Amino acid sequence: MAIIYQAKKAVVVKPAQRLTINALDHLGQGMARLDGRIVFVPGALPGETVQVKLSSQKKSFSKAELQKVLEPSPDRQPAACPHYQQCGGCQLQHAKPEAQLRWKQQAVEQLLSHQLGLERLPWEAAITGPDFGYRRKARLGVWYQQSKKGFQLGFRQQGDFRIQPLTECQVLSPVLQPVFSVLLPVLKRLQQGRSITHLDLIDADGVAYVVVRHTAPLPASDKAQLCASWPEARWFGEAEAGCFSAWQDGESDLSYALTAQQLQLSFQPDDFIQVNAVVNQQMVETALDWLSIQPQDRVLDLYCGIGNFSLPLAQQAAGVIGVEGLSAMVERAATNAANNGLSNVQFERADLHLPWPDNGWSRQRFDKILLDPARAGASGAIEQLTPLAAGKVLYVSCNPETLARDAGQLLQRGYRLTRLKAVEMFPQTRHLELMALFELI
């Protein structure tokens, strides 16, 4: 029998590359060019010369790992968090806050200008707030590491499903930051600690609330230990729903205030709320200013949630209709209106991406429309709201890509973009929210 020997292929080690970073993309990655391709370099900043290792190559772009910053940007700074390089919660702590906002806005401008075919965008001064300590709602993963017989508490790692163990998180609001020092030592003493998968943290106007998500029932002794460990916090939930209840003061709802409007909004832990309270207040005030609500105006608020925009609008308008897809949030919004003495606002449930009902609210006349969709945007809703011919449409966006898509639909249907504002909801991260005002030509 003939034996054929085949020489092993030589392993080609690609040398490190020296690149000059030109810009950030809308995901916060540095961008450079090499051999006609765009190279994306996470962790690099515009104006820097860096040494990188190519990690993947596609037809029109490549990705690279940052090895060394050879010539740093004057806007580079040491990260404030000791977990920054591993934790996936933040992506831009290595840049000064004013530079973060500038580069994120430039990336969004490039995206919108390209998608919409506009030479100039009507930018106005951005909405900003504190650089740290701003996050009033977060979900932390809990993981029991068998090899070390210990618990890990934190966010997912950069580009990985595994949890990065944290001892602190500086973007959390001050009342939530004790979670690491308080709860980590307690987890290992629990009988059913390994069944805990997540902790939901909520700062409701200065009071810390905790939801413990778990896969098996927690005994009364475990609940008692958790509550005793953090007596300033309120513990929320029901065992059947994968969390537990151990109220210390008999409250049943969380709430936050819109102080300028003297409104108090109640919500439940699973309800959507804007996580940055300072920025949210400014967003509400911008909405009232841009829409210029008159006493005779009728306003439609799509994706209205618990009434964050609907209620302030109702304080100035003749009438407001809020539409939301989740029945529980529709009920909560109606309760919030009643609790705040507003009788000129009503709430309806509808899946706004599907054909709207052929009667009721969808066939009424509206002078102004506000929409605040999730990251998927308002595909389906845009096509149905334009026949209402409202004079102004204010789009609050948490995803520039879907805003660009939906804005294109509005421009094609007789609207023009007249005002645009960056909203720095999540400092230290790649995320940038936007408020865009469209007016009927």
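The values are calculated or read from the model by the stated rules, or taken from the named source; none is laboratory data. None of the values given here were measured: they were computed from a predicted structure. Every residue, glycine among them, receives a Cβ derived from its backbone with ideal geometry; neighbour counts consider all protein chains shown. Each accessible area value is taken on the protein alone, full model and side chains, heavy atoms only, with ligands, DNA and RNA left out. Shrake-Rupley method; radii C 1.70, N 1.55, O 1.52, S 1.80 Å.
Tally time: how many residues in the stretch 101-149 are open to solvent by less than 20 Å² (accessible area, probe 1.4 Å) and part of a strand (DSSP E or B)?
5
Can you list the helices (runs of 4 or more DSSP H) lying wholly within the stretch 260-373 that have 2 or more residues being among the acidic types (Asp, Glu)?
Output list reads 277-291.
Filter the stretch 365-383 down to residues that are touching a Leu at 6+ places or on another chain (Cβ under 8 Å), more than 19 Å from residue 416 (Cβ to Cβ) and not aliphatic (A, V, I, L, M), then give me how many there are.
5
Working only within the stretch 169-201, note down all residues that are part of a loop (DSSP other than H, G, I, E, B) and either of a type in the set (Lys, Arg) or touching a helix residue (DSSP H, G or I) at 6+ places or on another chain (Cβ under 6 Å) (or both).
Within the stretch 169-201, 188, 189, 190, 191, 192 qualify.
Within the stretch 48-100, how many residues are of a type outside the set (Asp, Glu), touching a residue at least 12 places away in the same chain (Cβ under 8 Å) and in a strand (DSSP E or B)?
Total satisfying the criteria: 19.
Go through the stretch 179-230 and count every residue that is acidic (Asp, Glu) and either under 20 Å from residue 149 (Cβ atoms) or modelled with pLDDT under 90 (or both).
Residues meeting the conditions: 1.
Considering the stretch 392-417 alone, what residues qualify as being open to solvent by less than 30 Å² (accessible area, probe 1.4 Å) and either of a type outside the set (A, V, I, L, M) or without any contact (Cβ under 8 Å) to a residue 12 or more places away in the chain (or both)?
Listed by number, the residues that qualify are 395, 397, 399, 400, 402, 406, 408, 414, 415.
When you scan the stretch 300-319, do you find a residue that is open to solvent by less than 30 Å² (accessible area, probe 1.4 Å) and of a type in the set (D, E, K, R), even just one?
yes
May I ask you to verify whether residue 385 is open to solvent by less than 10 Å² (accessible area, probe 1.4 Å) and either part of a strand (DSSP E or B) or of a type in the set (Ser, Thr, Tyr) (or both)?
Taking the combined requirement at face value, the residue does not satisfy it.
Would you check which residues across the stretch 107-155 are within 23 Å of residue 81 (Cβ to Cβ) and in contact with a Lys or Arg (Cβ under 7 Å, 6 or more places away or on another chain) and list them?
Scanning the stretch 107-155 gives 141, 150, 151.
Considering only residues that are in a strand (DSSP E or B) and either over 15 Å from residue 186 (Cβ atoms) or of a type in the set (D, E, K, R) (or both), which ones fall in the stretch 150-165?
Scanning the stretch 150-165 gives 154, 156, 157, 163.
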